[in-house]
Amino acid sequence: MSGEMQAEVTRRKRSPFFVFLPLILFGVLAAIFALQLASGRDESVIPSALIGKQAPAVALPAVMGLMKDGQAVPGLDPAKFKGQVTLVNIFGSWCVPCRVEHPLLMKLAQDKRFVLAGLNYKDKPENAVSFLGDLGNPYSAVGADLNGRAAIEWGVYGVPETFLIGRDGIIAYKHVGPFSEETIRTDLMPAIEAALKPN
């Protein structure tokens, strides 16, 4: 038997497996996806190793040129978390979901029982200034994390993410992805109410 004929026989023997391989892989992926859907788990609630621990003591400089009410917006200073309830929202001007949730952050900023601070992630200062200039600035402080190192300390998976820090400086809650009116009502506000209660 020539080498050419032997190769053809070998190819025919393997072909049924290779024909069905994509179908098998698709079936496995579909099963995994179906199991995750059936679990009812909210993928926006990702466990964080930091919940129940002190917020990272990483001070960040202000975003150059960012102003609010005629005043320069200060950077992010974790020392100021103590004694007040603080929401830290990680955002970037390049992040489409950040734009989606921004009107909700503007509403949250009207609640004076807590402070809303921002961590500007891997962004050019001029882009962050333009973003907040166009959409409004809900933050009382914004730290510039130009290289993303601070976000690593915070255990950030992606943007937007939001952390709730109690008066004791301990992280009480984390939300991954953009807020919706429902997640604010059912998840965030109960966490804020709990953090506002006297110890």
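The values are calculated or read from the model by the stated rules, or taken from the named source; none is laboratory data. Nothing here was measured: the structure is a model prediction, and the numbers come from that model. Please note: Cβ atoms are built from the backbone with ideal geometry, for glycine as well, and neighbour counts cover all protein chains shown.
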| request: Just one of (1) of a type outside the set (D, E, K, R); (2) on the phi > 0 side of the Ramachandran plot; (3) modelled with pLDDT of 95 or more trips up GLY83, so point out which. | output: (3)
| message | Would you confirm, using the coordinates I've provided, whether LEU164 is closer than 22 Å to GLN84 by Cβ, of a type outside the set (Gly, Ala, Ser) and either in contact with a strand residue (DSSP E or B) (Cβ under 6 Å, 6 or more places away or on another chain) or not assigned by TED's automatic domain parsing to the domain that holds LEU76 (or both)? | response | yes
| request: Answer with yes or no whether ASP168 is at negative phi, in a loop (DSSP other than H, G, I, E, B), touching a residue at least 24 places away in the same chain (Cβ under 8 Å) and not β-branched (Val, Ile, Thr). | output: yes
